[in-house]
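See below for the structure under consideration.
The values are calculated or read from the model by the stated rules, or taken from the named source; none is laboratory data. These numbers were taken from a predicted model, which means no experiment stands behind them. Ideal geometry is used to build each Cβ from the backbone, glycine not excepted, and the neighbour counts take in all protein chains shown. Accessible surface areas use protein heavy atoms only, side chains included; no ligands, DNA or RNA. Shrake-Rupley method; radii C 1.70, N 1.55, O 1.52, S 1.80 Å.
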Amino acid sequence: MIRIVIADDHTIMREGLKRILDGAPDIDIVGEAVDGFEVLRHVRQGGFDLLLLDLSMPGRSGVDLIRQIRSEAPKLNVLILTMHEEEQYAVRAIRAGAQGYLTKESAGTQLVGAIRKVASGRPYISTEVAEQLALNIMAPNESLLHKQLSDREFEVFSLLVSGKSITEIANSLHLSVKTVSTHKTRIMQKMGMSSLSEMVQYAVAHKLLSPFKT
């Protein structure tokens, strides 16, 4: 039996996932979490084999949360289920310690198989993500400006270009407005840009825009 915890802040999504998994006799949902703090509480309590984790939740989230989980429970399997289709998000998540990456669009047909594969100790990633990881290893392309950003900076960058204000980002990531402003300044310095519109144009050109939840 594969014991899992579902972490997603949308009730409708959690209920939908439970319906998908109802038909799997070897999968048992033993807990749910609606934000990063509840995720860490479950991780510290233990008693499950796999965490099905949304990449964008209130509180600690994204790569930062994955790293924290990995440091506290190195043997716990983590499968990312997210709205983000872009390989760049997947690559950062895998590098942070996730064993699998699945988009919510694919959940209906691939979720059960992905859970079984990750629970068995094998990775679950798309061909596109695997190719991107291989390319990064064989020929790292640091000339792409966004690859110079730290994981937190990339997270802030993604929220900025998706239309979030500094205050909204601060609330979402549980950071101070001053800290987010500092991240924004560093992002613009690293990328050699002087305005948000330049950042948005860059994000569009490199297909980095993704639908963040509100």
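When the helix-only estimate is applied to the chain (DSSP H runs of n ≥ 4, each -39,500 (n - 2.57), divided by the residue count), what is the mean residue ellipticity at 222 nm, nearest 500 deg cm²/dmol? Write out the running numbers ahead of the final one.
Numbers: 10 runs with 112 residues, N = 214.
When only DSSP H runs of four or more count, the value is -16000 deg cm²/dmol.
Evaluate the charge dipole of the chain about its Cα centre and quote only its size in Debye, nearest 20, assuming +1 on the Cβ of each Lys and Arg and -1 on the Cβ of each Asp and Glu.
Details: 25 positive and 25 negative charges, 98 e Å.
Using only the charged Cβ atoms, the result is roughly 460 debye.
Once you have a ≥ b ≥ c as the square roots of the Cα gyration tensor eigenvalues for segment 2-135, tell me rounded if a/c is under 1.5, and otherwise prolate or oblate according to whether a/b is larger than b/c. Could you put the intermediate results ahead of the total?
Values: a/c = 1.36, a/b = 1.13, b/c = 1.20.
It is rounded, given that a/c, with a ≥ b ≥ c, falls under 1.5.
Relative contact order, percent, of segment 1-119 when contacts are C-alpha pairs under 8 Å separated by at least 6 residues? Before the final figure, lay out the partial values.
Values: 197 pairs, mean separation 30.1, N = 119.
Over segment 1-119, the number comes to 25 percent.
Using the alpha-carbon atoms, what tilt in degrees (0 to 90, nearest 10) does helix 62-72 show relative to the longest principal axis of the chain?
The helix 62-72 is inclined about 50 degrees to the chain.
Output the peptides 180-193, 43-56 sorted from most to least packed, where packing is the average of other Cβ atoms within 10 Å over each peptide's residues.
Details: 180-193: 16.1, 43-56: 19.5.
By packing density, highest mean first, the sequence is 43-56, 180-193.
Leaving ligands, DNA and RNA out of it, report the carbon-plus-sulfur percent of the accessible area of the chain at a 1.4 Å probe.
Result for the chain: 53 percent of the exposed heavy-atom area is carbon or sulfur.
Report, in listed order, any pair from K18/K178; K164/K207; K18/K75; K184/K207 with a Cα-Cα distance greater than 29 Å.
Values: K18/K178 40 Å; K164/K207 18 Å; K18/K75 24 Å; K184/K207 20 Å.
Correct reply: K18/K178.
Give me the percent relative contact order of the chain, please, defined on Cα pairs under 8 angstrom at least 6 residues apart. Don't skip to the answer; put the middle values down first.
Values: 300 pairs, mean separation 36.9, N = 214.
Dividing the mean separation by the residue count of the chain yields 17 percent.
Quick one: grab the alpha carbon gyration tensor of segment 52-128, order the square roots of its eigenvalues as a ≥ b ≥ c, and give me rounded if a/c is under 1.5, else prolate or oblate depending on whether a/b is larger than b/c.
Numbers: a/c = 1.60, a/b = 1.19, b/c = 1.35.
Oblate, since a/c reaches 1.5 and b/c is not below a/b.
Equivalent ellipsoid semi-axes for segment 145-206, as square roots of 5 times the alpha carbon gyration tensor eigenvalues: give them largest first, rounded to whole Å. It would help to have the intermediate numbers written out before the result.
Numbers: eigenvalues 63, 29, 21 Å².
Output for segment 145-206: semi-axes of 18, 12, 10 Å.
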